[in-house]
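Encoded as structure tokens, the structure appears first; notes follow it.
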Ligand code: BGP
């Protein structure tokens, strides 16, 4: 069986992780430009000042994507390039850059799939309260409108936010992303709600303005499964799914928050402001019928946290490997010796992706889905100058097999974007953790080189995945 003709084979990136040119052509400073320069926050002090210089090399990169045969390129717009201060004056050079990038994609028959927010917030807004402040929420609506008006004639697929729960949790609980706060639970839940509300408003604005195209949101997806058959582990997995999946899928797909979560938050004094008007807006924008983007890397195998162990707070502990106490202290993720893991301790389980998608279908019906990220972070072996990333090929092939199975079972999966199209800056793991089909030589002027996986994916796309 081949994948349907309309299925998009793509690959992804994000502005801060690829562009560089951090202070060029009128771009404002982002929160990551500042945060990455605080000692100890990133791996070996790496930052995105230059990244892989996609800003200057986008033509070369898109030509490579075209050679690979990509149907679609998912990239994000850097908000401070468009609005250097978050709101106020538009930077024409920022608009020009994304016009060029989009036109270059279209010239090569590559569909641009655009994320509005992949974590680089204008520092001016961060400084003034970030996502806790009404100014930021308003400014995002304005920024989104500006992008729809400038690029909406050519962009037909929009993602409002990338992985809300990740940037908010890392920012307000783990101290590992800006604004670098630790255990600020009250703001954590309030900010989650602020972002979901802003998403809903932007969706309604988009629809009411009559733009053509689809608009969705991308969530990380880490379904939880009990690590053993103890009743306490089952309960822990249910709790994890409530707080780590349904808490952020429900407001988008149902327009409400899970009662289980709201009750817990009230008991702990972490309940957030949810006005009647906000509730109406969430309900109006839900269910989000266009699509939901899913970033899938790994599931969680969990047991109850019976000890008094608290979560360790460090950059390393925030990089997602199994074997940590949950952020709320209720459960622990565990490494199961019989399962396989990446070098960074992320479980490799294509089966859990499909099981998880069925779980979503049970909860929300057969919603249109794009897998907006999936891939293997590795240190690729270089043998005689060739990049032999066999492990990545196996990883993606196995996941695509289960995606195909899902399609054949009737799940509405409309596309698959590998993370990442090119080696790029990992937020907390620098350039050491590679994900791309295209290698970037940091010792030789950031020259690009095709990996084995490049040729493999080229063949998958050309044959519409028939041999997978
Ligand atoms: C997702 C982010 C991506 C990317 C990816 C891999 O959470 O949306 O931007 O970073 O994870 O993560 P890492 O680089 O930590 O391995």
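Just so it is clear, none of the values below were taken in a lab; they were calculated from the coordinates. Everything quoted here is computed from the prediction, not taken from an experiment. Note that we place each Cβ from the backbone using ideal geometry, even for glycine, and neighbour counts take in every protein chain shown.
For region 425-434, residues that are assigned to a loop (DSSP other than H, G, I, E, B), touching a helix residue (DSSP H, G or I) at 6+ places or on another chain (Cβ under 8 Å) and more than 6 Å from the ligand (Cβ to nearest atom) total 2. Look at residue 225 and say whether it is part of a helix (DSSP H, G or I) and in contact (Cβ under 8 Å) with a residue 40 or more places away in the chain. No: the conditions fail for residue 225.
Looking across region 386-424, just one residue is within 16 Å of the ligand (Cβ to nearest atom) and free of Cβ contacts under 8 Å to residues at least 40 places away in the same chain, and that is 391.
Scanning region 302-321 for residues that are within 14 Å of the ligand (Cβ to nearest atom) and crowded, with 16+ Cβ neighbours inside 10 Å yields a total of 5. Being surrounded by fewer than 23 Cβ atoms within 10 Å (Cβ to Cβ), touching a strand residue (DSSP E or B) at 6+ places or on another chain (Cβ under 7 Å) and farther than 16 Å from residue 294 by Cα: is that true of residue 409 here? For residue 409, the condition - surrounded by fewer than 23 Cβ atoms within 10 Å (Cβ to Cβ), touching a strand residue (DSSP E or B) at 6+ places or on another chain (Cβ under 7 Å) and farther than 16 Å from residue 294 by Cα - is not met.
If we scan region 196-207, do we find a residue that is within 16 Å of the ligand (Cβ to nearest atom) and under 23 Å from residue 297 (Cα atoms)? The answer is no; no qualifying residue exists.
Out of the residues in region 373-385 that are in a strand (DSSP E or B) and surrounded by 14 or more Cβ atoms within 10 Å (Cβ to Cβ), state the one that is nearest to the ligand (Cβ to nearest atom). The residue in question is 373. Quick check on region 429-447: of everything there that is touching a residue at least 24 places away in the same chain (Cβ under 8 Å) and surrounded by fewer than 18 Cβ atoms within 10 Å (Cβ to Cβ), which residue is farthest from the chain's Cα centre (by Cα)? Going through the qualifying residues, I end up with 446.
Here region 440-468 is the region considered, the condition is being assigned to a strand (DSSP E or B) and touching a helix residue (DSSP H, G or I) at 6+ places or on another chain (Cβ under 9 Å), and the residue that is farthest from the ligand (Cβ to nearest atom) is 450. Could you tell me whether region 120-130 includes any residue that is more than 25 Å from residue 33 (Cβ to Cβ) and more than 16 Å from the ligand (Cβ to nearest atom)? Checked against the condition, which is being more than 25 Å from residue 33 (Cβ to Cβ) and more than 16 Å from the ligand (Cβ to nearest atom), region 120-130 yields no hits at all.
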